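Nothing in this text is a laboratory measurement; each read-out follows from the coordinates by a stated rule. Note that the coordinates shown come from a computational prediction; the quantities given were computed from them, not determined experimentally. Note that we place each Cβ from the backbone using ideal geometry, even for glycine, and neighbour counts take in every protein chain shown.
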Amino acid sequence: MKKSNNTRVKQIKGDASFRKFFRKSKNNFTSIIITAKKEKKKNLLIYDAINKVLIKNKIFAPKLYNEGFTNNFIEVEDLGKNTLYDILKKKNSNKLNLFKKIINVLNQIQSIKDKKIKNFKNKYYTIPIYNKKILFKETSLFCSWYVEKELPKEFKIKFKKKFNKIIIKLILNLKLKNDTFVHRDFHVSNLMIKGGKIGVIDNQDALIGNRAYDLASLIDDVRLKTSNLLKDKIYKHYVQTQNKIDKNKFRNDFEILSVLRNLKIIGIFTRLAFRDNKKNYLNSIPYTWTLINRRINKNKIFDELKLLLNEYFKKKHEN
């Protein structure tokens, strides 16, 4: 990447995607350059389209400064260096108050009515529906990566058959409609703080789906360990901000989606470790099991899943 005498371009920490990120500095102005050769449409074109939806709805997200799609990059607004993860990791942070501010942002996101937006190629992008097929395919990553690595050959087919039946049953037990804007990776590592405002990044995977999904992503976040008491307080606060939800249906879907999401994450982290050689993701798998166990131990709807995981992954399942 070229740079002039008064322009500096420095690579910054990336994420689990195929993108690379660079901070461009010129005089006192900074911006972020995102490059992607793989999954270029999603990581550049759709990313900016979703950002436009968020900005239109007065949510702080990166504005597009320049697109070089044919050259595999876009240049966007710099939302700073401070994630809410960094702040919440500090012992003296007022965690509940910060999460209440995050819930305000989530409520703004969930009030979005836009289903399509014009992208920088002047074509409309329609946000897809988070249907049962997508949910099942995502949860199946647990089998296609983690089970493949962890179970002996003679157990794999039997486990997968039982697992798939249970997961289908859980998905069919979801009660709420797919009618809400879902960020899909709504956790504190994707929330920036700049000028007192919370900004939202990593927005390209957004779908129209279940209202409980992003709250499950936020509360049962595998990257940030929080106490069960704090998790319950955040959940209670969110419910208190809602006037029209059926609390029983919402709780049912929240717990199912939390478990499905974290099974998916175990699969994704295993894939990142063995396909992409990002072995550090393996460190988060034990806590992901802890989060799954907390949900399935308290709800009879998970009895079959609990028995199956106990049979094949007893040591993991007991942590």
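Annotations for the structure displayed:
- Counting beta carbons within 10 Å around each of 270, 180 and listing the fewest first gives the order 180, 270.
- Listed values for region 215-228 are Karplus-derived 3J(HN,Hα) couplings in whole Hz (6.51 cos²θ - 1.76 cosθ + 1.60, θ = phi - 60°), namely 5, 4, 4, 6, 6, 9, 7, 6, 8, 10, 7, 10, 6, 4, and x replaces Gly and Pro.
- Label point of residue 155 set 7 angstrom out along Cα-Cβ; within region 264-278, no amide nitrogen lies under 11 Å from it.
- Peptides 285-298, 56-69 ordered by packing proxy, namely the average of other Cβ atoms within 10 Å per residue, highest first: 285-298, 56-69.
- Estimated FRET transfer efficiency (residue 237, residue 115; beta-carbon r; R0 30 Å; 0.05): 0.60
- Relative packing of peptides 85-97, 108-120 - highest average C-beta neighbours within 10 Å first: 108-120, 85-97
- For region 58-68, 3J(HN,Hα) computed residue by residue from phi via the Karplus equation (6.51, -1.76, 1.60; θ = phi - 60°) reads 6, 9, 6, 9, x, 6, 7, 9, 7, 10, x Hz, glycine and proline entered as x.
- Sum of side-chain charges, residue 294 neighbourhood, beta-carbon under 9 Å (Lys, Arg +1; Asp, Glu -1): +2
- For residue 212, no residue whose modelled amide H falls within less than 5 Å of its own remains once neighbours fewer than 5 places apart on the same chain are excluded.
- FRET efficiency estimate (nearest 0.05) - Cβ-Cβ, residue 42 to residue 297, R0 35 angstrom: 0.45
- Across the chain, Cα pairs under 8 Å and at least six residues apart give a relative contact order of 17 percent.
- Residue-wise HN-Hα couplings along region 198-209, as the Karplus relation 6.51 cos²θ - 1.76 cosθ + 1.60 with θ = phi - 60° gives them from phi, are 8, x, 10, 10, 6, 9, 5, 8, 4, 9, 9, x Hz; Gly and Pro carry x.
- Once the Cα gyration tensor of the chain is diagonalised, semi-axes √(5λ) in Å: 33, 23, 20
- Distant-in-sequence amide H partners of residue 226 (H built 1.01 Å from N, under 5 Å): none
- A simple count of charges around residue 240, restricted to other residues whose Cβ falls under 11 Å of its Cβ and scoring Lys, Arg +1 and Asp, Glu -1, yields +4.
- Fewest-first sequence of 154, 138, 311 by Cβ atoms within 10 Å of each Cβ: 154, 311, 138
- Neighbour counts of C-beta atoms inside 10 Å place 172, 79 in the sequence 172, 79, starting with the fewest.
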